[in-house]
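Colleague: A single structure is presented below for examination.
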Amino acid sequence: MRVLVTGGAGFIGSAFLRLALSERWFDSLVNLDKLTYAGNLENLAAVEHDAAYQFVQGDICDASIVNRLLEEQRPEAIVHFAAESHVDRSILGPGAFFETNLRGTFTLLEAARSAGVLRFVHVSTDEVYGSIDAPAEADEAFPLRPSSPYSASKAGSDLLALSYFNTYRLPVIVTRASNNYGPYQFPEKLIPLMISNALENNTLPIYGDGMQVRDWLFVEDHCRAIQAVLERGDEGEIYNIGGSRSLPNREVVERILARLGKPKSLMQTVSDRPGHDRRYALTSDKIEQATGWRAVVAFEDGIALTIDWYQKNQAWTRRVKTGEYQSYYARNYSGR
Ligand code: NAD
Ligand code: DAU
């Protein structure tokens, strides 16, 4: 199978490419990525010379690039990761989220429809369900109540993708995963930010009371779930992908500090994120029954592996924390 991946230089897309190429899942893989602040070709150094892999720099909002690529490459499947992905950035500036997550997805769907693509996996998020009161868990029919500009743009793009199945029979599958963690995650998200700040003996900003709950999914489990729905999922369906491991943020951060041998006094309460979702929780029964996939990496193992990776790769973190990151950090955290 020839596969086009969008956003393959980001955290999850690059994990998918590394895994797919090392385990020979497909005949060829093309990666279309704009290389925003979150895109980093260093994440793909291990595969850049693989004959089955090709990188194309470009914006998914640019119809001429997307159409040309589909005409030249004739991919049978598209796995669409490219997005603006960080909630705090969507609060500071929602425009890019509207552009990439909605207009970019629309551009890709239109191109896929003209090219007659055989599978279109739209990679989405459990955040589209919004905050969920305990003990409920969202299944795929749960109402959509996105809270942030990020999650609203993802919910909109999910609906648009599904409309292309209903209206044009474009073979779309939507996946909704919980919070991913693992190596190469940009240090704006909770786990890599806390690890890298702790390694530098900087304070760890805890939003509000820190008792918000997230379900944690190791990134390779997520990638294998996408591969499973690509092969065995049904067109027009939505599949939740969870790690079955819910934890309050404070507990996650305390585990990180304990493994690094750093004091809890590094944790510093800061004012809460506006519109902050209190709890995410989802059930993955549908994908498990349909494909046999299950999350297999226990949080204890995944977090240990992740912390060790950041400890060994501090040069990578130093490089991505320069320039734009510094101004983002100041805008998001100063005076909070
Ligand atoms: P990321 O921010 O690490 O990477 C996004 C990638 O998309 C980058 O390489 C960036 O350069 C590229 N990109 C952004 N705008 C683009 C554009 N206009 N054209 C082409 N490329 C563009 O994101 P991630 O954490 O790897 O998330 C990947 C996908 O998974 C997203 O769709 C996100 O909504 C979804 N998701 C993420 C998580 C998570 O916990 N990180 C959980 C569930 C779902
Ligand atoms: O649920 C899936 C989603 O998970 C993905 O769709 C998003 O792309 C991804 O960014 C993530 O969204 P969250 O908002 O849950 O992740 P984030 O890492 O930003 O925050 C996780 C929790 O930690 C959340 O409750 C906010 C809190 N937090 C985060 C940061 C960055 C802090 O307390 N302090 C921080 O500095």
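Computed from the coordinates by the stated procedures, all read-outs in this text should not be read as laboratory data. What you are looking at is a predicted structure, and each value in this text was computed from that prediction instead of being measured. Note that we place each Cβ from the backbone using ideal geometry, even for glycine, and neighbour counts take in every protein chain shown.
Colleague: Run the numbers for Gln311 and Arg336: contour at 0.36 nm per residue of separation, minus the present Cα-Cα distance, in nm.
Modeller: This chain segment gains 6.2 nm when fully extended.
Colleague: For a test of the definition: using alpha carbon positions, the gyration tensor, and the 1.5 limit on a/c, classify the stretch 225-326 as rounded, prolate or oblate.
Modeller: prolate
Colleague: To continue, here is another question. For labels at Ser265 and Glu23 in the simple 7 Å Cα→Cβ model, what's the distance in nm?
Modeller: Going by the 7 Å Cα→Cβ label model, 4.6 nm.
Colleague: Mind listing the long-range amide H neighbours of Glu137? Cut-off is under 5 Å, sequence gap 5 or more, other chains count too, H placed in the peptide plane at 1.01 Å from N.
Modeller: Under 5 Å from the amide H of Glu137 lies no amide H from a residue far enough along the sequence or on another chain.
Colleague: On to the next question. Label points 7 Å out from Cα along the Cβ direction at Glu72 and Leu144: separation in nm?
Modeller: The answer from the label model is 3.3 nm.
Colleague: Quote the relative contact order of the chain in percent (integer), defining contacts as alpha-carbon pairs under 8 Å separated by 6+ residues.
Modeller: Across the chain, relative contact order equals 17 percent.
Colleague: Quick one: net charge around Leu247, please, counting Lys, Arg +1 and Asp, Glu -1 for every other residue with C-beta under 12 Å from its C-beta.
Modeller: Counting the neighbours of Leu247, the net charge comes to +1.
Colleague: How high is the relative contact order of the stretch 235-322, in percent, counting Cα pairs under 8 Å that sit 6 or more residues apart?
Modeller: Relative CO of the stretch 235-322 lands at 43 percent.
Colleague: Which cross-chain or sequence-distant (5 or more) residues have an amide H under 5 Å from the amide H of Thr269, H modelled 1.01 Å from N in plane?
Modeller: Distant-sequence amide H within range of Thr269: Ile206.
Colleague: Cα to Cα, under 26 Å, and not fewer than 8 places away if on the same chain: which lysines meet these conditions relative to Lys34?
Modeller: Cross-link targets: Lys154, Lys189, Lys321.
Colleague: Rounded to the nearest 0.05, what FRET efficiency is calculated for Ala45 and Ala304 with R0 set to 22 Å and r the Cβ-Cβ distance?
Modeller: 0.40
Colleague: Using a Debye calculation, one point per C-alpha and no hydration shell, please list log10 I(q)/I(0) for the chain at q = 0.08, 0.09, 0.12 Å⁻¹ in order.
Modeller: -0.35, -0.44, -0.82
Colleague: Take His222, His49 and order them by how many other Cβ atoms sit within 10 Å, fewest up front.
Modeller: His49, His222
Colleague: Return, ordered by residue number, the residues of the stretch 189-218 whose backbone nitrogen is under 18 Å from a label point located 7 Å along Cα→Cβ of Tyr329.
Modeller: Inside the label zone: 189-207.
Colleague: If you take the beta carbon distance between Arg103 and Arg2 as r and set R0 to 22 Å, what does 1/(1 + (r/R0)^6) give as a FRET efficiency, to the nearest 0.05?
Modeller: 0.30
Colleague: Report the residue, chosen from Arg279, Arg214, Arg319, that carries the largest GNM mean-square fluctuation when the chain is represented by alpha-carbon nodes joined by springs under 10 Å.
Modeller: Its mean-square fluctuation being the largest, the pick is Arg319.
Colleague: Once you've got the GNM for the chain with C-alpha springs shorter than 10 Å, pick whichever of Ser163, Ser14, Ser265 has the biggest mean-square fluctuation.
Modeller: Its mean-square fluctuation being the largest, the pick is Ser265.
Colleague: With θ set to phi - 60°, apply the Karplus curve 6.51 cos²θ - 1.76 cosθ + 1.60 along the stretch 119-127 and write out the HN-Hα couplings as whole Hz, x wherever there is a Gly or Pro.
Modeller: After applying 6.51 cos²θ - 1.76 cosθ + 1.60, I find 8, 10, 9, 9, 7, 10, 9, 6, 5 Hz.
Colleague: Continuing with this model, one more query. Assuming R0 = 25 Å, can you tell me the calculated FRET efficiency for the pair Glu200 and Asp272, based on Cβ-Cβ distance, to the nearest 0.05?
Modeller: According to the calculation, E is roughly 0.55.
Colleague: Mean-square fluctuation check for the chain, GNM, Cα pairs under 10 Å: which of Tyr129, Tyr150, Tyr53 is largest?
Modeller: Tyr53
Colleague: Also, I was wondering about something else. Cβ under 11 Å from Glu231's Cβ, Glu231 left aside: what net charge do those residues give with Lys, Arg +1 and Asp, Glu -1?
Modeller: Net local charge, Glu231 excluded: +3.
Colleague: A further question on this structure: Stretched out fully, how many nm does the piece from Thr322 to Leu118 gain, at 0.36 nm a residue minus the Cα gap?
Modeller: Here the answer is 69.3 nm.
Colleague: Using alpha-carbon pairs under 8 Å, 6+ residues apart, how would you state the relative contact order of the stretch 56-169 in percent?
Modeller: Relative contact order comes out at 32 percent.
Colleague: With both partners inside the chain, how many of the DSSP beta bridges are antiparallel, as a percent to the nearest 5?
Modeller: The answer is about 10 percent antiparallel.
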